[in-house]
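Chemist: Before we start, here is the structure in question, set down as structure tokens.
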Amino acid sequence: MSASSELRIMRGREWSRPVRPARREVLSAVPELEEGRPPLLFVPGFGHGAWAFAEHWLGHVASRGFPAYAVSLRGHGGSEPAPEATLRAYAHDVVQVAASLPRQAVLVGHGAGALVVAHALARYPARGAVLVAPVFGGWGVLGAALRRNPAGTLPAVFGGPLRLNRGQLFSRELPDEEARRYVGRLGRAGRRAQWALLGEPEAEPAVGAPPVLVLGSPDDRVVPASTLTRVARRYGSAPLLFPGMGHDLMLDARWAEPIDAILDWLEKEPVAH
Amino acid sequence: MSTSTDHGRPDPEATSPAANSDGRPVSDRGDTVCVIGAGASGLTAIKNLREHGFGVDCYERETGVGGAWNWRHDRSPVYASTHLISSKPFTQFPDFPMPDSWPDYPHHGQLLSYFERYADHFDLRSHIWFGTEVIRVEPVDGDRWDVTTRSTGGYGPERTARYAAVVIANGHNWSPKLPRYEGLEEFRGEIMHASSYKDPAQLRGKRVLVVGAGNTGCDIAVEAAQQASRCWHSTRRGYWYAPKYVLGRPADQVNDSLLALRVPLRVRQWLYHWTLRLTVGDLTRFGLPKPDHRVYETHPIANSQLVYYVGHGGIGPVPDVARFHPYAVELADGREIDPEVVVFATGYLPRFEFLDASVFADSAGTGRPTLWLNAFTPGHPTLAVAGLLQPDSGLFTLSHWQTVLFARLLQARRDRPERATAFASRVRERAGERYSGPVKDSSRHWFEVGHADYLRAIQRALVELEGK
Ligand SMILES: Cc1cc2nc3c(=O)[nH]c(=O)nc-3n(C[C@H](O)[C@H](O)[C@H](O)COP(=O)(O)OP(=O)(O)OC[C@H]3O[C@@H](n4cnc5c(N)ncnc54)[C@H](O)[C@@H]3O)c2cc1C
Ligand SMILES: NC(=O)c1ccc[n+]([C@@H]2O[C@H](COP(=O)([O-])OP(=O)(O)OC[C@H]3O[C@@H](n4cnc5c(N)ncnc54)[C@H](OP(=O)(O)O)[C@@H]3O)[C@@H](O)[C@H]2O)c1
């Protein structure tokens, strides 16, 4: 995908080569009382599935009155295997699920899922978007990963799986046994999508001018604080920070704090009338 | 089946009472924009205007959304078997895809549910007054508009409201074009226009003549081939009958691969002729006339079954109708045939019966306004028409971008008036511009557009409006 800051109207190449459909896993938790609030659609990062949000966040969101959904990108979690998946196919998966929801959705992407969300925003006018510990790619991210976890990262450079370890994903507060269980569930993204990350694929501008919130942890070992600031600036804001947490904010010991902050933001923004 | 009747209408209360030129009360709706029609084009107008921060009142004469695709509507041109001719990527709105689980060419019932979901997803219904017909649209001082409405069918009082801008999205496939023939009044058989053809049961067991080979005529001829006891298909020229699939993919997707590479028209025409020769072959062997034009010079026909049924004898191609006799139809070559039912699939004509002819500078009432981008009228910077296009592809992407452009123009009028003024002078200079290669002269071709040429023109207009 080429860098472009301009609205793109002609998409001949995309129209003539539509993304091949793939069976998708969507997990959800909806509030008992329908209150007309916008649904949240969670998009996991590479290697994670919808399960990562089903652990804590989906139920919590529903208990605060917002319908909550999480999709597994193709090749992840319970979705159809897709070793050749591209970033475009992932964005397609997100837009398909968003458009199937009864009302205009808020997209919440985590890790590289935030990059997928940024691309989806150019193809779906979301009510709002939240980028959690966004991995937008580039050699800097690779460098950091190589330093922290060379054995898990190096194979990915040659098309092998990217293996994230406990130290990268969680704080010490999370009990070992839980952390081991989560790491054991991690899968991998498609080779082509992983490579695309290195090119720092610039997303086209969002349609419908949605408000965007960026949040993360200054102690994240995957996404440096400088990246959080840079991504937030691109959307005209500053990041919300949760010190002491690991990259997987939705699974780490203090998972409730970031999601409460997201919902507070939604309640304050005009997006949630 | 769900109905889309909606009673949660907005109430355009007078914010400040005024009166129009003949002293009738007018409720002033301030900066609100009026949208006429809640078909595909009207819905996307509401959505995009709302997205750009404008208030919208939409008036829809029917009780539901979807326009032509809501076949319960009395003016819907859709028949039971209608499927799309443009494949999904070309048909869906660019920011609201159709489900992956739908086929390449969805059925009209799926299309209606798509528009209903679009309306619900973006919460559009609360801006629509259903069962309300627009009967007059008049320009007033300050580039504003007085819009007069009443309940559909002429019941109830008239109401007039004043708007900052108007989008006309009243569709152009509902007012039948019926040709005149000598002796037609004396003909004893049944005569109908395709707009009142709904179900193949209307043809079952009868001798049927179908006139016209637009997509409607071809679809109906195919149904007659299966249901009627006999089917003649009359055309006044030869056409290129393109299959819906070529080279293993939907034909429009193959075509756009070439467009994306900017292959010149001549080369694309040559490739298309060559593909057709390999797939459907030379049709004159069936008695079909040789096309009097190159492919893309008439509105494309996408129908894989017509040639199949001609080849099986189910459809008998015949030339133009010369005149009618009480029990027979005389053809241009002198032959006589004896149909019991004649279906005129001779198309539709655009109509703007609520608009004074002076607005479109169309005093002859031809229904062919001279517009820029088929949307903008010289001298009326706050008026736009959406969907007045006959694309070689799906319409909805085009009306989406038309209404985005109009919303941005209205924003520019407010925030950067010099940009809007420059836009207005471009409208005057370029009104009447065409966005297709050469086309055959016919009442249906003056607004034929090639989707790629047209969308590129919209893109340029947006850049000119907002660029440095
Ligand atoms: C059989 C058939 C098949 C087609 N297939 C395709 C296809 O495959 N792909 C494609 O892109 N296009 C197709 N078309 C073209 C079709 O016209 C468009 O798809 C589409 O319906 C146009 O949408 P619209 O909103 O512009 O007009 P419409 O759908 O006609 O909607 C206009 C709306 O305005 C309302 N209205 C009109 N006048 C007034 C008034 N005075 N006051 C209040 N309300 C008013 C009407 O009730 C209607 O709801 C097909 C057309 C036909 C006839
Ligand atoms: N399945 C689908 O999705 C589908 C189905 C039907 C229609 N549509 C769309 O709906 C729109 C309308 O289509 P349509 O087929 O109803 O109308 P159309 O495209 O206007 O076709 C009318 C046909 O009638 C002929 N005709 C017109 N006046 C005539 C006359 N006086 N004498 C003899 N023949 C005459 C025309 O011939 P000329 O060649 O001389 O003009 C043409 O063949 C088009 O955009 C079409 O693509 C889509």
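Chemist: May I ask you to list the residues in the stretch B:90-103 that are at the interface with chain A (Cβ under 9 Å from one of its Cβ atoms) and either of a type in the set (Asp, Glu) or surrounded by fewer than 18 Cβ atoms within 10 Å (Cβ to Cβ) (or both)?
Modeler: Scanning the stretch B:90-103 gives B:95, B:99, B:100, B:101.
Chemist: For the stretch A:78-94, how many residues meet the condition of being within 13 Å of another protein chain (Cβ to nearest Cβ), within 12 Å of residue A:24 (Cα to Cα) and free of Cβ contacts under 8 Å to residues at least 40 places away in the same chain?
Modeler: Looking only at that region, the number is 0.
Chemist: Have a look at B:414, B:444 and point out the one that is within 16 Å of ligand 1 (Cβ to nearest atom) and either among the basic types (Lys, Arg) or not assigned by TED's automatic domain parsing to the domain that holds residue B:44 (or both).
Modeler: Unique residue meeting the criteria: B:444.
Chemist: Please tell me if residue B:268 is within 16 Å of ligand 2 (Cβ to nearest atom) and either touching a helix residue (DSSP H, G or I) at 6+ places or on another chain (Cβ under 9 Å) or in a loop (DSSP other than H, G, I, E, B) (or both).
Modeler: For residue B:268, the condition - within 16 Å of ligand 2 (Cβ to nearest atom) and either touching a helix residue (DSSP H, G or I) at 6+ places or on another chain (Cβ under 9 Å) or in a loop (DSSP other than H, G, I, E, B) (or both) - is not met.
Chemist: Right, next: Is it the case that the stretch B:169-180 has a residue that's in contact (Cβ under 8 Å) with a residue 12 or more places away in the chain, surrounded by fewer than 21 Cβ atoms within 10 Å (Cβ to Cβ) and within 14 Å of another protein chain (Cβ to nearest Cβ)?
Modeler: No, that holds for no residue.
Chemist: Could you grab me the full set of residues in the stretch B:391-405 that are within 14 Å of ligand 1 (Cβ to nearest atom) and more than 23 Å from residue B:257 (Cβ to Cβ)?
Modeler: Those that are within 14 Å of ligand 1 (Cβ to nearest atom) and more than 23 Å from residue B:257 (Cβ to Cβ): B:399, B:402, B:403.
Chemist: Hey, another quick one. Given the residues A:144, A:189, A:203, which is the only one that is more than 14 Å from chain B (Cβ to nearest Cβ) and outside any loop (DSSP other than H, G, I, E, B)?
Modeler: None of the others qualify; the one that does is A:144.
Chemist: Within the set of pairs 6+ apart or on separate chains, which have a first residue in the stretch B:181-194 that is under 17 Å from residue B:212 (Cα atoms) and away from chain A (no Cβ under 14 Å), a second that is within 16 Å of ligand 1 (Cβ to nearest atom) and of a type in the set (Val, Ile, Thr), and C-beta atoms under 8 Å apart?
Modeler: Going by the 8 Å Cβ cut-off, the qualifying pairs are B:192/B:343; B:193/B:343; B:193/B:346; B:194/B:216; B:194/B:220; B:194/B:343; B:194/B:346.
Chemist: Something else: Mind checking whether some residue in the stretch B:107-124 is out of contact with any helix residue (DSSP H, G or I) (no Cβ under 6 Å at 6 or more places or on another chain) and either over 26 Å from residue B:87 (Cα atoms) or in the same structural domain as residue B:324 (by TED's automatic domain parsing) (or both)?
Modeler: Yes.
Chemist: Also, quick follow-up: Any residue in the stretch B:338-357 that's closer than 22 Å to residue B:181 by Cα: show its pairings with residues that are away from ligand 2 (no atom under 14 Å from the Cβ) and in a loop (DSSP other than H, G, I, E, B) at Cβ separation under 7 Å, as long as the two are six or more apart or on different chains.
Modeler: Note: pairs meeting the criteria are B:338/B:327; B:339/B:189; B:340/B:189; B:340/B:206; B:341/B:189; B:341/B:203; B:341/B:206; B:342/B:189.
Chemist: Oh, and also: Does the stretch B:367-380 contain at least one residue that is among the charged types (D, E, K, R), more than 14 Å from chain A (Cβ to nearest Cβ) and more than 23 Å from residue B:67 (Cβ to Cβ)?
Modeler: Checking the stretch B:367-380: not a single residue is among the charged types (D, E, K, R), more than 14 Å from chain A (Cβ to nearest Cβ) and more than 23 Å from residue B:67 (Cβ to Cβ).
Chemist: Out of (1) closer than 21 Å to residue B:400 by Cα; (2) aromatic (Phe, Trp, Tyr); (3) part of a loop (DSSP other than H, G, I, E, B), the odd one out for residue B:118 is which?
Modeler: (3)
Chemist: Give the number of residues within the stretch B:15-49 that are at pLDDT below 70 and either within 13 Å of ligand 1 (Cβ to nearest atom) or farther than 24 Å from residue B:355 by Cβ (or both).
Modeler: Counting residues in the stretch B:15-49 that are at pLDDT below 70 and either within 13 Å of ligand 1 (Cβ to nearest atom) or farther than 24 Å from residue B:355 by Cβ (or both) gives 3.
Chemist: Is it fair to say residue A:257 is in a helix (DSSP H, G or I) and either surrounded by 18 or more Cβ atoms within 10 Å (Cβ to Cβ) or over 18 Å from the mean Cα position of the chain (by Cα) (or both)?
Modeler: Criteria not met by residue A:257.
Chemist: State the number of residues belonging to the stretch B:417-468 that are within 14 Å of chain A (Cβ to nearest Cβ) and either surrounded by fewer than 19 Cβ atoms within 10 Å (Cβ to Cβ) or in a helix (DSSP H, G or I) (or both).
Modeler: Of the residues in that region, 18 qualify.
Chemist: Would you tally the residues in the stretch B:214-273 being more than 30 Å from residue B:201 (Cα to Cα) and small (Gly, Ala, Ser)?
Modeler: Matching residues across the stretch B:214-273 total 4.
Chemist: Now for a different question. Does the stretch B:50-66 hold any residues that are touching a Leu at 6+ places or on another chain (Cβ under 9 Å), away from ligand 1 (no atom under 11 Å from the Cβ) and more than 12 Å from chain A (Cβ to nearest Cβ), and which are they?
Modeler: Within the stretch B:50-66, B:54, B:55, B:56 qualify.
Chemist: Okay, moving on. Please find, among B:328, B:302, B:228, B:322, the residue that is surrounded by 14 or more Cβ atoms within 10 Å (Cβ to Cβ) and within 16 Å of ligand 1 (Cβ to nearest atom).
Modeler: B:302
Chemist: Any residue that is within 16 Å of ligand 2 (Cβ to nearest atom), surrounded by fewer than 21 Cβ atoms within 10 Å (Cβ to Cβ) and of a type outside the set (Phe, Trp, Tyr) - is there at least one of those in the stretch B:126-148?
Modeler: No: zero hits.
Chemist: Can you tell which of B:229, B:234, B:257 is among the hydroxyl-bearing types (Ser, Thr, Tyr) and within 11 Å of chain A (Cβ to nearest Cβ)?
Modeler: On inspection, the qualifying residue turns out to be B:257.
Chemist: Within the stretch B:37-87, how many residues turn out to be within 16 Å of ligand 2 (Cβ to nearest atom) and over 30 Å from residue B:414 (Cα atoms)?
Modeler: Of the residues in that region, 20 qualify.
Chemist: So for the stretch B:335-353 (the condition being more than 16 Å from ligand 2 (Cβ to nearest atom) and either within 14 Å of chain A (Cβ to nearest Cβ) or within 26 Å of the chain's Cα centre (by Cα) (or both)), does at least one residue qualify?
Modeler: Yes, because at least one residue in the stretch B:335-353 is more than 16 Å from ligand 2 (Cβ to nearest atom) and either within 14 Å of chain A (Cβ to nearest Cβ) or within 26 Å of the chain's Cα centre (by Cα) (or both).
Chemist: Okay, next question. If the requirement is being away from ligand 1 (no atom under 16 Å from the Cβ), assigned by TED's automatic domain parsing to the domain that holds residue B:43 and in contact with a Ser or Thr (Cβ under 9 Å, 6 or more places away or on another chain), which of these qualifies: B:378, B:369?
Modeler: B:378 is the lone residue from the list that is away from ligand 1 (no atom under 16 Å from the Cβ), assigned by TED's automatic domain parsing to the domain that holds residue B:43 and in contact with a Ser or Thr (Cβ under 9 Å, 6 or more places away or on another chain).
Chemist: Can you tell me which residue within the stretch A:15-31, out of those that are buried (at least 17 other Cβ atoms within 10 Å of the Cβ) and facing another protein chain (nearest Cβ under 7 Å), is farthest from the chain's Cα centre (by Cα)?
Modeler: Selected residue: A:16.
Chemist: What about residue B:128, is it assigned by TED's automatic domain parsing to the domain that holds residue B:323 and not small (Gly, Ala, Ser)?
Modeler: In short, no.
Chemist: Go through (1) within 14 Å of chain A (Cβ to nearest Cβ); (2) over 26 Å from residue B:441 (Cα atoms); (3) in contact (Cβ under 8 Å) with a residue 24 or more places away in the chain one by one and return the number of the condition residue B:326 breaks.
Modeler: Status for residue B:326: all satisfied but (1).
Chemist: Now for a separate question. Out of everything in the stretch B:88-115 that is within 11 Å of ligand 2 (Cβ to nearest atom) and part of a loop (DSSP other than H, G, I, E, B), what residue ends up being nearest to residue B:60 (Cα to Cα)?
Modeler: B:106
The values are calculated or read from the model by the stated rules, or taken from the named source; none is laboratory data. Note that this is a predicted model, so its numbers are computed, not measured. Using ideal geometry, Cβ is built from the backbone for each residue, glycine included, and neighbour counts are taken over all protein chains shown.
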